[in-house]
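Note sheet for the following structure.
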Amino acid sequence: MTGAPVRRPRDRKAQLAVAAAELFGRRGYHAVGVNEIAAAAGITGPALYRHFQNKQDVLGFVLLTGIDKLTERVHDAVAATEDDPARGLRPLLLAAADVSIEQRALTALWRWQGRHLHPGDQKEIRRRVGALLTQWLSGLRTLRPELDAGEANLLCFAALSVFGSVGDHHASPPRTEFIELLARLGEAVVRAPLPTTSTVRRVPTPPPTRREELLSAATRLFRERGFPAVSMEDIGAATGIAGPSIYRHFSSKSDILLAASRRMADRLRLGLEDSLASAVDARDALARLSRSYVDTVLRSDDLIAVYTTELANLPERDARELRALQRGYVAEWVRLLREITPTLTEPAARVTVHAALTIVNDLPRTHHISTRPGLPAELTALAVAVLTSPTG
């Protein structure tokens, strides 16, 4: 007797994508092997290659599929803003908030693992998202005809950062409240008044020491490739010295990451202490803290990216200490926000603070925005607009 033939599920590729997304999001792209993805989907490693060429191909499929779902969900709402921006804005923001929360894991995956995509997949994602944004920008400029193209682009990407911020934290108000809150924060950005553009005077800085050159090169490489993909030889090559010479300044690659993370933590702490000491009340403290955070991020772009994404690669004791510092820093923002807006719950305040911080983190790394001469004042204005948005 022979048994009935075993049939492979028709959605095996989708099952593999779901398993990979969960593993990538929980442990990071580099820490996950192809065999682990296959095992999570109930198949062998070699069987995975019937569907994907390699792990990078899996990541591309996961994110491109997610982008397609996003586009499908918000297409009609985006089209409505182009036809009637005043009436279509609210439905668009609610739809974007809904899908961001629904696909929260995918949002986090794109934000923190998207750099590992094949260049072709990165280009395709930008093309698909760009087509959607073109419609959104058209509607925004009709809604606010005083904006020039650069200002509309700034507000559009700032609103995307609000929705993308859900991938940066675990705060979870009740779903209906969460959707309404994100939509309200997005509207605060879209309607935010922008300051008059002014050129920021650059203060000359002394030439860096060799240790500073190594630290800067390493943090840039960690941000671009991820900590596990960077070697000491890569860091040496970026600064024009042999890899072994680095050990005169740092004992290991982890030592470099730890030095970078502690420096970022120190800069944030000093900015917080100064803001609190000079403020007249909680509202003033939040405004000062927003300016301080913008200044710190613009001076420490690679440092803040590494500080927020690579702590898992540190020894557990150091990582635990730095995560506690991160939580404490955010907790001070939340405390100040709830002091000026007592009706906000703690989870809602955390969502609001992270939305403001994510705008400041994202926009300096966004094409065509980083070179805006008035970006420091614009980022501060957007962060304050989010933090002081009406609660009703």
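The values are calculated or read from the model by the stated rules, or taken from the named source; none is laboratory data. No experiment lies behind these values; they were computed from the predicted model shown. Note that each Cβ is placed from the backbone with ideal geometry, even for glycine, and that neighbours are counted across all protein chains shown.
If the condition is being more than 17 Å from the chain's Cα centre (by Cα) and surrounded by 19 or more Cβ atoms within 10 Å (Cβ to Cβ), then the stretch 292-321 contributes SER292, ASN313, LEU314. For the stretch 215-247, what are the residues that are of a type in the set (Val, Ile, Thr) and closer than 17 Å to LEU258 by Cα? Residues satisfying the conditions are THR219, VAL230, ILE235, ILE246.
Which one is surrounded by the most Cβ atoms within 10 Å (Cβ to Cβ) among residues in the stretch 346-392 that are under 15 Å from GLU151 (Cα atoms) and charged (D, E, K, R)?
Filtering the stretch 346-392 for residues under 15 Å from GLU151 (Cα atoms) gives 359, 363-364, 366-382.
Still in the running and charged (D, E, K, R): 372, 378.
Numbers: ARG372: 18, GLU378: 23.
Among those that are under 15 Å from GLU151 (Cα atoms) and charged (D, E, K, R), it is GLU378.
Assess whether LEU289 counts as being hydrophobic (A, V, I, L, M, F, W, C), touching a residue at least 12 places away in the same chain (Cβ under 8 Å), buried (at least 16 other Cβ atoms within 10 Å of the Cβ) and closer than 26 Å to LEU215 by Cα. Don't jump to the end; show me each part of the working.
On the way: hydrophobic (A, V, I, L, M, F, W, C): yes; touching a residue at least 12 places away in the same chain (Cβ under 8 Å): yes; buried (at least 16 other Cβ atoms within 10 Å of the Cβ): yes; closer than 26 Å to LEU215 by Cα: no.
So LEU289 does not fit the description; no.
Report yes if GLU146 is surrounded by fewer than 19 Cβ atoms within 10 Å (Cβ to Cβ) and part of a helix (DSSP H, G or I), otherwise no. Spell out the reasoning first.
Numbers: surrounded by fewer than 19 Cβ atoms within 10 Å (Cβ to Cβ): yes; part of a helix (DSSP H, G or I): no.
For GLU146, the condition - surrounded by fewer than 19 Cβ atoms within 10 Å (Cβ to Cβ) and part of a helix (DSSP H, G or I) - is not met.
The test for being modelled with pLDDT of 95 or more and closer than 16 Å to ASP295 by Cβ holds for LEU382. When ALA192 is tested against (1) more than 30 Å from GLY25 (Cα to Cα); (2) modelled with pLDDT of 85 or more; (3) of a type outside the set (Phe, Trp, Tyr); (4) surrounded by fewer than 17 Cβ atoms within 10 Å (Cβ to Cβ), exactly one condition is not met: (4).
In contact with a helix residue (DSSP H, G or I) (Cβ under 8 Å, 6 or more places away or on another chain), at pLDDT 85 or above, among the hydroxyl-bearing types (Ser, Thr, Tyr) and surrounded by fewer than 20 Cβ atoms within 10 Å (Cβ to Cβ): does that describe SER198?
no
Can you confirm whether ALA229 is touching a His at 6+ places or on another chain (Cβ under 7 Å) and closer than 20 Å to LEU303 by Cα? Yes, satisfied.
Just so you know, in the stretch 95-119 the residues that are without any contact (Cβ under 8 Å) to a residue 24 or more places away in the chain and surrounded by fewer than 17 Cβ atoms within 10 Å (Cβ to Cβ) include one that is nearest to the chain's Cα centre (by Cα), and it is GLU102.
Of all residues in the stretch 307-358, those satisfying the criterion of being touching a residue at least 24 places away in the same chain (Cβ under 8 Å), in a helix (DSSP H, G or I) and of a type in the set (Val, Ile, Thr) are THR308, THR309, VAL330, ILE340, VAL351, THR352, VAL353, THR358. Taking the criterion of being closer than 17 Å to ILE101 by Cα, surrounded by fewer than 19 Cβ atoms within 10 Å (Cβ to Cβ), touching a helix residue (DSSP H, G or I) at 6+ places or on another chain (Cβ under 7 Å) and free of Cβ contacts under 8 Å to residues at least 60 places away in the same chain, the residues of the stretch 36-73 that qualify are THR65, ARG73. Applying the condition of being assigned to a loop (DSSP other than H, G, I, E, B) and under 25 Å from the mean Cα position of the chain (by Cα) to the stretch 201-230 and asking which residue is modelled with the lowest pLDDT yields GLY226. The number of residues in the stretch 277-291 being within 17 Å of ARG338 (Cβ to Cβ) and either part of a loop (DSSP other than H, G, I, E, B) or modelled with pLDDT under 95 (or both) comes to 2. Filtered by the rule that a residue be outside any helix (DSSP H, G or I), surrounded by 14 or more Cβ atoms within 10 Å (Cβ to Cβ) and out of contact with any helix residue (DSSP H, G or I) (no Cβ under 6 Å at 6 or more places or on another chain), the stretch 244-276 gives no residues.
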